[in-house]
1. Taking the criterion of being over 25 Å from Met30 (Cα atoms), at pLDDT 95 or above and touching a Pro at 6+ places or on another chain (Cβ under 7 Å), would at least one residue in the range 174-194 satisfy it?
2. For residues that are touching a residue at least 60 places away in the same chain (Cβ under 8 Å), open to solvent by less than 10 Å² (accessible area, probe 1.4 Å), of a type in the set (S, T, N, Q) and part of a helix (DSSP H, G or I), tally how many sit in the range 50-91.
3. Could you please tell me which pairs satisfy a Cβ distance under 8 Å, a separation of 6+ or placement on different chains, a first residue in the range 157-178 that is under 12 Å from Leu198 (Cβ atoms) and open to solvent by 10 Å² or more (accessible area, probe 1.4 Å), and a second residue that is of a type in the set (Gly, Ala, Ser) and at pLDDT below 95?
4. Looking only at the range 34-49, how many residues end up being open to solvent by 80 Å² or more (accessible area, probe 1.4 Å) and within 15 Å of Ser117 (Cα to Cα)?
5. Can you find, within the range 92-118, the residue that is most open to solvent (accessible area, probe 1.4 Å) among those that are part of a loop (DSSP other than H, G, I, E, B) and on the phi < 0 side of the Ramachandran plot?
Amino acid sequence: MRSKEQSGERSKAFQGRSFPIIPVMGLPIMDIPRSEIVSCLVEAVRQGKAARVVNANAHYVTLSQKQPWMRQLFADSEVAFCDGAGVQLASLFLNGKRPHRTTPPEWVGEMLSQLGSEARVFWLGGEQAVAEKAAASFETLYGCQTAGCLNGFFDATPGSPDSERVIQAIVDAKPSVLLLNMGMPRQEKWLWDNWHRLPPLVAVTAGALVDHAAGRVARPPRWVANLGLEWLVRLSREPQRLWRRYMLGLPVFGFYVLCWRVRLFTE
(Lines give C-alpha, C1' and ligand atoms only; values in the text may rest on other atoms or scores of the structure.)
Protein backbone atom coordinates (compact mmCIF):
# COMPACT_ATOMS: atom_id res chain seq x y z
CA MET A 1 0.00 0.00 0.00
CA ARG A 2 1.06 3.58 -0.55
CA SER A 3 1.16 5.94 2.41
CA LYS A 4 -1.02 9.03 2.54
CA GLU A 5 2.11 11.11 2.04
CA GLN A 6 2.90 9.33 -1.22
CA SER A 7 -0.61 9.25 -2.71
CA GLY A 8 -2.13 11.90 -4.92
CA GLU A 9 -0.62 14.66 -7.01
CA ARG A 10 0.55 17.84 -5.30
CA SER A 11 2.10 21.06 -6.51
CA LYS A 12 3.50 24.34 -5.24
CA ALA A 13 3.00 27.68 -6.90
CA PHE A 14 5.71 30.33 -7.13
CA GLN A 15 5.74 33.45 -9.27
CA GLY A 16 2.55 32.40 -11.01
CA ARG A 17 3.91 28.99 -12.02
CA SER A 18 3.07 25.60 -10.59
CA PHE A 19 5.63 22.86 -9.98
CA PRO A 20 4.98 19.24 -8.99
CA ILE A 21 5.78 18.19 -5.44
CA ILE A 22 7.48 14.85 -4.84
CA PRO A 23 7.36 13.83 -1.15
CA VAL A 24 10.66 12.25 -0.15
CA MET A 25 11.01 10.99 3.43
CA GLY A 26 8.92 13.78 4.91
CA LEU A 27 10.19 16.58 2.66
CA PRO A 28 8.01 18.11 -0.08
CA ILE A 29 10.56 18.47 -2.89
CA MET A 30 9.68 20.69 -5.83
CA ASP A 31 10.40 19.09 -9.19
CA ILE A 32 11.83 22.27 -10.66
CA PRO A 33 14.56 22.62 -13.31
CA ARG A 34 17.37 25.05 -12.52
CA SER A 35 16.37 27.23 -15.48
CA GLU A 36 12.99 27.76 -13.82
CA ILE A 37 14.63 28.49 -10.47
CA VAL A 38 16.64 31.23 -12.17
CA SER A 39 13.75 32.80 -14.05
CA CYS A 40 11.42 32.73 -11.04
CA LEU A 41 14.01 34.28 -8.71
CA VAL A 42 14.96 36.97 -11.24
CA GLU A 43 11.29 37.96 -11.34
CA ALA A 44 11.03 37.87 -7.55
CA VAL A 45 14.05 40.16 -7.11
CA ARG A 46 12.78 42.62 -9.70
CA GLN A 47 9.38 42.72 -7.99
CA GLY A 48 10.92 43.18 -4.54
CA LYS A 49 9.43 39.96 -3.23
CA ALA A 50 10.69 37.74 -0.43
CA ALA A 51 11.64 34.11 -1.05
CA ARG A 52 13.48 31.39 0.83
CA VAL A 53 15.45 29.01 -1.38
CA VAL A 54 16.52 25.76 0.31
CA ASN A 55 17.78 22.43 -0.93
CA ALA A 56 17.91 18.83 0.25
CA ASN A 57 20.85 16.47 -0.08
CA ALA A 58 21.31 13.18 1.79
CA HIS A 59 22.74 15.03 4.80
CA TYR A 60 19.72 17.35 5.05
CA VAL A 61 17.27 14.47 4.68
CA THR A 62 19.04 12.49 7.39
CA LEU A 63 19.10 15.39 9.84
CA SER A 64 15.47 16.25 9.11
CA GLN A 65 14.29 12.84 10.31
CA LYS A 66 14.83 14.01 13.90
CA GLN A 67 14.53 17.78 13.43
CA PRO A 68 10.90 18.85 12.81
CA TRP A 69 11.93 22.46 12.17
CA MET A 70 13.96 21.31 9.14
CA ARG A 71 10.91 19.64 7.64
CA GLN A 72 8.81 22.71 8.36
CA LEU A 73 11.38 25.05 6.82
CA PHE A 74 11.36 22.93 3.67
CA ALA A 75 7.56 22.99 3.54
CA ASP A 76 7.35 26.75 4.16
CA SER A 77 10.09 27.85 1.74
CA GLU A 78 9.07 29.33 -1.57
CA VAL A 79 11.61 27.19 -3.48
CA ALA A 80 12.70 23.81 -2.06
CA PHE A 81 14.56 21.58 -4.49
CA CYS A 82 16.69 18.44 -4.73
CA ASP A 83 20.46 18.83 -4.36
CA GLY A 84 22.03 15.40 -4.51
CA ALA A 85 22.00 12.16 -6.45
CA GLY A 86 21.28 10.25 -3.23
CA VAL A 87 17.97 12.06 -2.81
CA GLN A 88 17.13 11.42 -6.45
CA LEU A 89 17.77 7.70 -6.01
CA ALA A 90 15.78 7.61 -2.78
CA SER A 91 12.85 9.25 -4.55
CA LEU A 92 13.10 6.77 -7.41
CA PHE A 93 13.18 3.87 -4.94
CA LEU A 94 10.29 5.16 -2.83
CA ASN A 95 8.09 6.94 -5.40
CA GLY A 96 9.21 5.81 -8.83
CA LYS A 97 9.90 9.49 -9.56
CA ARG A 98 13.23 11.26 -10.07
CA PRO A 99 13.15 15.01 -9.33
CA HIS A 100 15.37 17.50 -11.09
CA ARG A 101 18.68 17.95 -9.28
CA THR A 102 20.82 21.05 -9.08
CA THR A 103 23.04 22.98 -6.66
CA PRO A 104 23.30 26.74 -5.96
CA PRO A 105 26.78 27.04 -7.57
CA GLU A 106 25.23 25.78 -10.82
CA TRP A 107 22.66 28.57 -11.14
CA VAL A 108 23.33 31.50 -8.77
CA GLY A 109 25.77 33.01 -11.27
CA GLU A 110 23.20 32.84 -14.07
CA MET A 111 20.59 34.50 -11.86
CA LEU A 112 22.97 37.34 -10.99
CA SER A 113 24.07 37.65 -14.60
CA GLN A 114 20.48 38.27 -15.68
CA LEU A 115 19.93 40.78 -12.89
CA GLY A 116 23.24 42.60 -13.26
CA SER A 117 23.32 45.81 -11.23
CA GLU A 118 19.71 45.22 -10.14
CA ALA A 119 21.04 42.63 -7.68
CA ARG A 120 22.40 43.83 -4.34
CA VAL A 121 24.10 40.80 -2.80
CA PHE A 122 24.89 40.24 0.86
CA TRP A 123 27.35 37.42 1.64
CA LEU A 124 27.00 35.78 5.05
CA GLY A 125 29.39 33.00 5.96
CA GLY A 126 32.89 31.70 5.35
CA GLU A 127 36.06 33.51 6.31
CA GLN A 128 35.94 37.30 5.95
CA ALA A 129 38.72 37.50 3.36
CA VAL A 130 37.18 34.66 1.36
CA ALA A 131 33.71 36.27 1.38
CA GLU A 132 35.15 39.59 0.23
CA LYS A 133 37.07 37.88 -2.56
CA ALA A 134 33.95 36.01 -3.65
CA ALA A 135 31.94 39.24 -3.69
CA ALA A 136 34.57 41.02 -5.78
CA SER A 137 34.71 38.10 -8.20
CA PHE A 138 30.94 38.07 -8.68
CA GLU A 139 30.89 41.83 -9.20
CA THR A 140 33.38 41.41 -12.04
CA LEU A 141 31.74 38.34 -13.56
CA TYR A 142 28.08 39.29 -13.31
CA GLY A 143 27.89 43.04 -12.74
CA CYS A 144 25.99 42.72 -9.48
CA GLN A 145 26.42 45.07 -6.53
CA THR A 146 27.79 43.99 -3.16
CA ALA A 147 25.54 45.08 -0.31
CA GLY A 148 27.77 43.59 2.37
CA CYS A 149 30.03 40.74 3.53
CA LEU A 150 30.16 39.16 6.98
CA ASN A 151 32.00 36.04 8.01
CA GLY A 152 30.20 33.09 9.56
CA PHE A 153 32.15 33.01 12.81
CA PHE A 154 29.60 34.50 15.17
CA ASP A 155 27.24 33.36 17.88
CA ALA A 156 24.08 32.53 15.93
CA THR A 157 21.97 31.96 19.03
CA PRO A 158 18.72 33.94 18.64
CA GLY A 159 18.93 37.17 20.59
CA SER A 160 22.69 37.04 21.11
CA PRO A 161 24.63 40.31 20.56
CA ASP A 162 26.40 38.74 17.56
CA SER A 163 23.16 37.62 15.96
CA GLU A 164 21.53 41.01 16.55
CA ARG A 165 24.53 42.73 14.98
CA VAL A 166 24.30 40.53 11.88
CA ILE A 167 20.57 41.09 11.47
CA GLN A 168 20.96 44.85 11.83
CA ALA A 169 23.77 44.88 9.26
CA ILE A 170 21.54 43.08 6.75
CA VAL A 171 18.58 45.36 7.46
CA ASP A 172 20.76 48.46 7.03
CA ALA A 173 22.33 47.17 3.80
CA LYS A 174 18.95 46.54 2.11
CA PRO A 175 20.12 43.65 -0.08
CA SER A 176 17.90 41.98 -2.64
CA VAL A 177 19.82 38.68 -2.47
CA LEU A 178 21.22 37.04 0.68
CA LEU A 179 23.69 34.19 0.16
CA LEU A 180 24.03 32.05 3.29
CA ASN A 181 27.33 30.15 3.31
CA MET A 182 27.51 28.83 6.87
CA GLY A 183 27.24 25.12 6.23
CA MET A 184 24.36 22.74 6.82
CA PRO A 185 22.35 22.84 9.06
CA ARG A 186 23.71 26.06 10.65
CA GLN A 187 22.67 28.25 7.71
CA GLU A 188 19.19 26.70 7.62
CA LYS A 189 18.75 27.15 11.37
CA TRP A 190 19.78 30.80 11.12
CA LEU A 191 17.25 31.33 8.33
CA TRP A 192 14.55 29.52 10.33
CA ASP A 193 15.21 31.67 13.40
CA ASN A 194 15.51 35.05 11.65
CA TRP A 195 13.46 35.04 8.44
CA HIS A 196 10.66 37.09 9.98
CA ARG A 197 13.13 39.86 10.89
CA LEU A 198 14.73 40.29 7.48
CA PRO A 199 13.68 42.80 4.82
CA PRO A 200 12.10 41.48 1.60
CA LEU A 201 14.86 39.58 -0.18
CA VAL A 202 15.74 36.28 -1.83
CA ALA A 203 17.65 34.15 0.69
CA VAL A 204 19.61 31.19 -0.67
CA THR A 205 21.15 28.52 1.56
CA ALA A 206 24.23 28.29 -0.64
CA GLY A 207 26.64 26.15 1.37
CA ALA A 208 30.14 26.19 -0.12
CA LEU A 209 29.30 28.69 -2.86
CA VAL A 210 31.54 31.29 -1.21
CA ASP A 211 34.55 28.99 -1.56
CA HIS A 212 33.75 28.25 -5.21
CA ALA A 213 33.21 31.93 -6.00
CA ALA A 214 36.51 32.90 -4.39
CA GLY A 215 38.37 30.23 -6.35
CA ARG A 216 39.26 28.42 -3.17
CA VAL A 217 37.57 25.16 -4.20
CA ALA A 218 36.99 24.00 -7.78
CA ARG A 219 33.76 22.22 -8.63
CA PRO A 220 34.06 18.78 -10.22
CA PRO A 221 32.60 18.27 -13.71
CA ARG A 222 28.83 17.88 -13.77
CA TRP A 223 29.13 14.29 -15.01
CA VAL A 224 30.73 13.44 -11.66
CA ALA A 225 27.65 14.72 -9.85
CA ASN A 226 25.35 12.94 -12.31
CA LEU A 227 27.07 9.68 -11.40
CA GLY A 228 26.49 10.42 -7.73
CA LEU A 229 30.19 10.74 -6.98
CA GLU A 230 30.50 14.41 -6.01
CA TRP A 231 30.56 13.38 -2.35
CA LEU A 232 33.67 11.32 -3.01
CA VAL A 233 35.45 14.28 -4.59
CA ARG A 234 34.51 16.53 -1.67
CA LEU A 235 35.61 13.91 0.84
CA SER A 236 39.01 13.54 -0.86
CA ARG A 237 39.52 17.32 -0.68
CA GLU A 238 38.36 17.87 2.91
CA PRO A 239 38.60 14.51 4.69
CA GLN A 240 38.98 15.91 8.22
CA ARG A 241 35.86 18.07 7.94
CA LEU A 242 33.62 15.76 5.93
CA TRP A 243 34.48 12.20 6.89
CA ARG A 244 31.71 11.95 9.48
CA ARG A 245 29.08 13.30 7.09
CA TYR A 246 29.89 10.79 4.36
CA MET A 247 31.45 7.74 5.98
CA LEU A 248 28.92 7.66 8.81
CA GLY A 249 26.09 9.77 7.40
CA LEU A 250 25.51 7.91 4.12
CA PRO A 251 24.89 4.52 5.78
CA VAL A 252 22.45 6.23 8.18
CA PHE A 253 20.71 7.82 5.18
CA GLY A 254 20.42 4.39 3.56
CA PHE A 255 18.93 3.01 6.77
CA TYR A 256 16.26 5.73 6.81
CA VAL A 257 15.46 5.06 3.13
CA LEU A 258 14.82 1.41 3.97
CA CYS A 259 12.67 2.41 6.95
CA TRP A 260 10.52 4.58 4.69
CA ARG A 261 10.26 1.76 2.18
CA VAL A 262 8.93 -0.55 4.87
CA ARG A 263 6.53 2.17 6.03
CA LEU A 264 5.07 2.51 2.54
CA PHE A 265 4.10 -1.15 2.50
CA THR A 266 2.65 -1.22 6.00
CA GLU A 267 0.51 1.90 6.16
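1. Pass one, the range 174-194, residues over 25 Å from Met30 (Cα atoms): 174-175.
Subset that is at pLDDT 95 or above: 174-175.
Right, trim to touching a Pro at 6+ places or on another chain (Cβ under 7 Å) and you get 174.
Yes.
2. 1
3. From residues that are under 12 Å from Leu198 (Cβ atoms) and open to solvent by 10 Å² or more (accessible area, probe 1.4 Å), there are no pairs.
4. 2
5. Arg98
The values are calculated or read from the model by the stated rules, or taken from the named source; none is laboratory data. If you're wondering where the values come from, they're calculated on a predicted model, not measured in any experiment. No Cβ is skipped: glycine too gets one built from the backbone with ideal geometry, and neighbour counts run over all protein chains shown. Protein only, heavy atoms only, side chains kept; ligands, DNA and RNA dropped before computing areas. Shrake-Rupley method; radii C 1.70, N 1.55, O 1.52, S 1.80 Å.
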